[in-house]
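Some notes on the structure that comes next.
The values are calculated or read from the model by the stated rules, or taken from the named source; none is laboratory data. These figures come from a predicted structure and were not determined experimentally. In this analysis, Cβ positions are derived from the backbone assuming ideal geometry, glycine residues included, and neighbour counts consider all displayed protein chains. These accessible areas exclude ligands, DNA and RNA; they are computed on the full protein's heavy atoms, side chains included. Shrake-Rupley method; radii C 1.70, N 1.55, O 1.52, S 1.80 Å.
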Amino acid sequence: MSRIGLSALAASCVFATLSVAPTITADSARAGSGVRLLLTGDSITHGRHGDYTWRYRLAEEFRRQGVPFDFVGSESTPYQDPGFPQSKYADPNFDRDHFARAGWQLRQMVGEIRAEVAKQRPDVIVLAAGVNDLLRGQSVDELEESLRSWVREARAGRYDIRIVLSPVLAANPSKSRRDINLPAAEYNLRLPQIARELSTVFSPVTVATTDQGWSPAAPNTTDGIHPTPTGETFIAQRIGEALHRAGVLPGAPTGGARTVPWPYAQRPAVAVAGRTVTVRWSSQAVTGAHVRVRQVGGTVLAPATEYRSGVATFTLKRGVSYDISIRLNRVSMAGPWGEPTRVTVPGVPSPPGRGTITRTAVRWKASPDADAYVVQFRKASDPHWVKRRTDAPKLRVKDVVEAKVRTVSTAGRSVWRQISR
């Protein structure tokens, strides 16, 4: 065979190999153990205590379409605020595995993605990163180079991985945050061409349209950058559409952009000391709370004040029961009123029982409400009354001719109980 013939045969063999390369489709996912997806990125993907995350919304879409799937990754929890023992999702009932970290830059991810892909062996990887690079002053060219390096490293972990890229979402600038929207828009314009250049038959690259129709204003974000449940739903919708175009999901996601409430709620811890009622809640991932105090069978104290410290105190009526509930806030979001905690403010404590005076002591029957007792007594040799405090239902004192005692507790003081010989 001629050299030309051999070349043509080799070329045809390569083409045939590429044509029959393993692919991930909805049908093959149903037949096997499911599509393995590695969702990676920064805080927008990571989520925070009390969030669902867009990963949760994407899992819902896979379940809706009946496509077996497995989210993989070395992480499984949302971001844990410093000083708090743990972090929890608003609903933990989904496949929580991921590879996202709050504050992560794409250039930092480059050094870790190869090992993670080799370890997890995902079929599909979804990348949502770049905002932190731009916030920290990286140029568009530097961000593009980080992306190209990241793709090379991901493929070094698995050569035939399918890749979905999410653009950098617009953000509202603030005193502590530079305006990144112009460089983000320039980077996003480059992504389709970058995807075409980097795509291979074994490892196609798809660009999601998360930037199209996105606004960093409410109700999409809490603070101009981090998504609300509405924003999470929007992102998951666009990622799902990209997975549909990539052949991973058989159908396009339904529902589109819609407003989704923030359901995060807590039941407060309430302590009573006398007439003072102290209400406490966890301030993790919240910026404040309104407190509603409702008299059982009566009126509500208007919850006009937002308390930001995780604690609020009220002086309430004695002998009355109250239902106390809180509504949490996170910047622009307000959750629902949580389940109430019922407390009763003690009335005036019961007085001591009947007492006696002996030659060496004054004694009385204990009150069930007592923290202590106050005793006033008078001796035969001295017409002046003397006051003493005691924790026990007796007072050792000689030659008393007349005494009176009252109960002291956190609820207040009882009426006097007169004691005579």
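Where the centre of each part is set by its Cα atoms, how far does the range 365-397 sit from the range 282-307, in angstrom?
Here the answer is 42 Å between Cα centres.
Checking the a/c ratio against 1.5 first, then a/b against b/c, what shape does the Cα gyration tensor give for the chain?
Numbers: a/c = 3.82, a/b = 3.48, b/c = 1.10.
Cα axes put the chain in the prolate bin.
For the range 35-175, rounded, prolate or oblate, judged on the Cα gyration tensor with a ≥ b ≥ c (square roots of eigenvalues), a/c < 1.5 rounded, else prolate if a/b > b/c?
Working: a/c = 1.68, a/b = 1.08, b/c = 1.55.
Oblate, because a/c is 1.5 or more while a/b does not exceed b/c.
When only C-alpha pairs under 8 Å and at least 6 residues apart count, what is the relative contact order of the chain, in percent? Display every interim value, and only then the final one.
Working: 916 pairs, mean separation 46.2, N = 421.
Computed over the chain, the figure is 11 percent.
How far is the Cα center of the range 64-121 from the Cα center of the range 321-353, in Å?
Their Cα centres are 37 Å away from one another.
Using the charge dipole of the range 309-372 (Lys, Arg: +1 at Cβ; Asp, Glu: -1 at Cβ; taken about the Cα centre), state which of THR315, GLY353, PRO336 has its Cα farthest towards the positive end.
Positive-most Cα among the choices belongs to GLY353.
Quick one: compute the contact order of the range 104-211, relative version, from alpha carbon pairs under 8 angstrom and 6+ residues apart, as a percent. Don't skip to the answer; put the middle values down first.
Working: 164 pairs, mean separation 34.0, N = 108.
Once normalised by length, the contact order is 32 percent.
When only DSSP loop residues count, what trypsin sites (Lys or Arg not before Pro) in the range 223-270 have their Cβ near at most 16 other Cβ atoms within 10 Å? Can you show the working numbers first?
Details: sites: ARG238, ARG245, ARG258; in loops: ARG258.
Qualifying residues, ordered by number: ARG258.
For labels at VAL348 and LEU301 in the simple 7 Å Cα→Cβ model, what's the distance in nm?
2.3 nm
Quick check: from the Cα gyration tensor, does the range 43-109 come out rounded (a/c under 1.5), prolate or oblate? Write out the running numbers ahead of the final one.
Values: a/c = 2.35, a/b = 1.44, b/c = 1.64.
Cα axes put the range 43-109 in the oblate bin.
Counting other Cβ atoms within 10 Å of each Cβ, which chymotrypsin sites (Phe, Trp or Tyr not before Pro) in the range 98-167 have at most 16 and sit in a DSSP loop? Write out the running numbers ahead of the final one.
On the way: sites: PHE99, TRP104, TRP150, TYR159; in loops: TRP104, TYR159.
Here the chymotrypsin sites (Phe, Trp or Tyr not before Pro) that fit, given the DSSP loop and packing criteria, are TYR159.
Counting only helical runs of four or more DSSP H residues, what would the 222 nm mean residue ellipticity of the chain come to if each run contributes -39,500 (n - 2.57) and the total is spread over all its residues? Please report the intermediate quantities before stating the final value.
Details: 9 runs with 112 residues, N = 421.
Only helices count here, giving -8500 deg cm²/dmol.
Can you pull the accessible area of LYS119 for me, 1.4 Å probe, Å² to the nearest 10?
Estimated to the nearest 10 Å², LYS119 gives 140 Å².
What figure in square angstrom, to the nearest 10, would you give for the accessible area of THR313 with a 1.4 Å probe?
Here the residue's solvent-accessible area equals roughly 90 Å².
Place a +1 charge on the Cβ of each Lys and Arg in the range 292-339 and a -1 charge on the Cβ of each Asp and Glu, then give the dipole magnitude about the Cα centre in debye, rounded to the nearest 20. Walk me through the intermediate numbers first.
Numbers: 7 positive and 3 negative charges, 20 e Å.
Roughly 100 debye for the range 292-339.
With charges only on Cβ, +1 for K and R and -1 for D and E, what is the dipole size of the chain about its Cα centre, in debye, rounded to 20? Please list the in-between numbers first.
Details: 57 positive and 37 negative charges, 747 e Å.
Using only the charged Cβ atoms, the result is roughly 3580 debye.
Given N residues in the range 304-374, what is Rg(Cα) / (2.2 N^0.38 Å)?
Values: Rg = 21.3 Å, N = 71, 2.2 N^0.38 = 11.1 Å.
In units of the globular-protein estimate, the range 304-374 measures up at 1.92.
Just list whichever of LYS379/LYS404; LYS88/LYS175; LYS88/LYS119 have alpha carbons separated by over 18 Å in the model shown.
Numbers: LYS379/LYS404 13 Å; LYS88/LYS175 30 Å; LYS88/LYS119 25 Å.
Violating the 18 Å limit, Cα to Cα: LYS88/LYS175; LYS88/LYS119.
How much solvent-accessible surface does ASP141 expose, in Å² to the nearest 10, with a 1.4 Å probe and all protein chains in place?
100 Å²
When only DSSP loop residues count, what trypsin sites (Lys or Arg not before Pro) in the range 164-221 have their Cβ near at most 13 other Cβ atoms within 10 Å? Numbers along the way, then the final one.
Numbers: sites: LYS175, ARG177, ARG178, ARG190, ARG196; in loops: LYS175, ARG178.
Passing both the DSSP loop test and the Cβ count: LYS175, ARG178.
Suppose the chain between THR358 and ARG177 were pulled fully straight at 0.36 nm per residue; how much longer would it get relative to their current alpha carbon spacing?
Details: separation 181, 0.36 × 181 = 65.16 nm, distance 7.88 nm.
Extra length from THR358 to ARG177 when fully extended: 57.3 nm.
Residue farthest toward the positive end of the dipole of the chain, with Cβ of Lys/Arg at +1 and Asp/Glu at -1: which of GLN295, ILE44, SER149?
Value computed over the given set: GLN295.
What size of dipole, in debye to the nearest 20, comes out for the range 377-421 about its Cα centre when the only charges are +1 on Lys and Arg C-beta atoms and -1 on Asp and Glu C-beta atoms? Could you put the intermediate results ahead of the total?
Numbers: 13 positive and 4 negative charges, 13 e Å.
With Lys and Arg at +1 and Asp and Glu at -1, about 60 debye.
Would you calculate the separation in nanometres between label points at ARG121 and ARG152, each defined as 7 Å from the Cα along the Cα-to-beta-carbon direction?
The modelled label-to-label distance comes out at 2.7 nm.
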